[in-house]
Amino acid sequence: MTRLGVLGWPVAHSRSPAMHNAALAALGMSDWHYQLLPVPPTLFAETTRALGSCGFLGANVTIPHKRAALALADEASRAAREIGAANTLTFADDGTIAAENTDAPGLLAVLESISVRPAGLRTLVLGAGGSARAVVWALREAGAEVSVWNRTPERAQTLARELGVRAVRHTRAADLLVNCTPVGLHSSAGVERSATDREALNQLGMTFDQVGEYSYVVDLAYSSRPTQLLAAARAQGARTVDGLGFLLAQGAVSFELWTGRSAPLDVMRAAARAHGAPSG
């Protein structure tokens, strides 16, 4: 059995197992399996180093382990090194661990799906964690003008300094808005909403009217219903991409990296959307 998984804490809300196992089944890869790997930060390094000897070929990495994953790896792609975070690990037979970041190409793929080319666009990224680093790097490399906002200004300033973009203390109008914070994340599997609907936009440093200042809005948080940010954006005519669209895009890159097979996108999309959908 070849094993894959997703490392996170918490991680019960993740739809990656449903998405990847559906893809494996569609391709007749019955001797492969993808699973949840809930690991607290204190055990991340020890647990991850042991995965290769336990039959794992690879693992995705989510909150809060993306920077730790890069630090742990024996080798890393240029993108992962420059971003300073990894969301995909591959375990070699000799025990070495290779790190990649598929969040960056995933972001560009979802923008392409709504016919957005970042070059020359004014962009605002909310957040300063591992996903935000990948998004900022991808937009910068694609020629966008990038600003970063975070509720803790010092974190935004650190990210901006390291990646050569601008930190802002207040959200501002732009062509493209990308939310990389967990505000709006919801699951019936034990992850609480990080804000009520009334509070969500305030936690992102904006009001309903301010959301109307963006032509395109991407929200990496996913839920069984539209996040408050996406609901506000759609109500005001913005073109949007939800977190499941992003999950699919970055997951497909990881799937192809590990298996050498083309990802069955329609199958993966259907599984991701069905998992956690309201019943009845």
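Here, each number is a calculation from the coordinates, and none is a lab measurement. This is a predicted model, so every value here is computed, not measured. Cβ sites come from the backbone with ideal geometry, for glycine too, and all protein chains shown count toward neighbours.
Mind listing P(r) for the stretch 104-241? All alpha-carbon pairs, 10 Å bins, whole percents.
13, 47, 35, 5, 0
I need the helices of the chain that pass two filters: whole DSSP H segments spanning 18 Å or more by Cα along the axis, and mean Kyte-Doolittle score no lower than -0.5. Spell out each step's value before the answer.
Working: long enough: 243-259 (23 Å, 1.06).
The answer, listed by residue number, is 243-259.
Which residue, Arg151, Arg161, Arg67, has the most motion in a Gaussian network model of the chain that connects Cα atoms within less than 10 Å?
Among Arg151, Arg161, Arg67, the largest GNM mean-square fluctuation belongs to Arg161.
Summing Lys, Arg as +1 and Asp, Glu as -1, what charge do residues with Cβ under 10 Å from the Cβ of Gly130 carry, Gly130 excluded?
Neighbour charge sum, excluding Gly130 itself: +2.
Of the beta bridges DSSP finds with both residues in the chain, what % are antiparallel, to the nearest 5?
20
Tally Lys and Arg at +1 and Asp and Glu at -1 over the other residues with C-beta under 15 Å from the C-beta of Ser115: what net charge comes out?
Around Ser115, the charge tally is 0.
In the stretch 1-151, what % of DSSP beta bridges are antiparallel (nearest 5)?
Roughly 25 percent of the beta bridges in the stretch 1-151 run antiparallel, per DSSP.
Estimate the FRET efficiency between Glu154 and Leu265 by the formula 1/(1 + (r/R0)^6), using the beta-carbon distance for r and 30 Å for R0, to the nearest 0.05. Mind showing how you got there, number by number?
Details: r = 39 Å, r/R0 = 1.31.
Approximately 0.15, to the nearest 0.05.
What distance in nm separates the two pseudo spin-label positions at Asp93 and Arg49, each 7 Å out from Cα along the beta-carbon direction?
Output for this residue pair reads 2.3 nm.
Given a cut-off of under 8 Å on Cα pairs at least six residues apart, what relative contact order in percent is computed for the chain?
Details: 586 pairs, mean separation 48.4, N = 280.
Worked out over the chain, it gives 17 percent.
Can you classify the stretch 91-170 as rounded, prolate or oblate using the Cα gyration tensor, where a ≥ b ≥ c are the square roots of its eigenvalues, rounded means a/c under 1.5, and otherwise it's prolate if a/b beats b/c and oblate if not?
oblate
Please compute the alpha carbon radius of gyration of the chain, then divide it by the globular-protein estimate 2.2 N^0.38 Å. Two decimals is fine.
0.96
Please compute the contact order of the stretch 1-42 in relative form: average sequence separation of alpha-carbon pairs under 8 Å and at least six residues apart, divided by the residue count, as a percent.
Reported relative contact order: 62 percent.
Taking the highest mean first, how do the peptides 1-10, 32-41, 172-181 order by number of other beta carbon atoms within 10 angstrom per residue?
172-181, 1-10, 32-41
Rounded if a/c is under 1.5, else prolate if a/b beats b/c, else oblate: with a ≥ b ≥ c from the C-alpha gyration tensor eigenvalues square-rooted, which is the stretch 1-81?
It comes out prolate by the Cα gyration axes.
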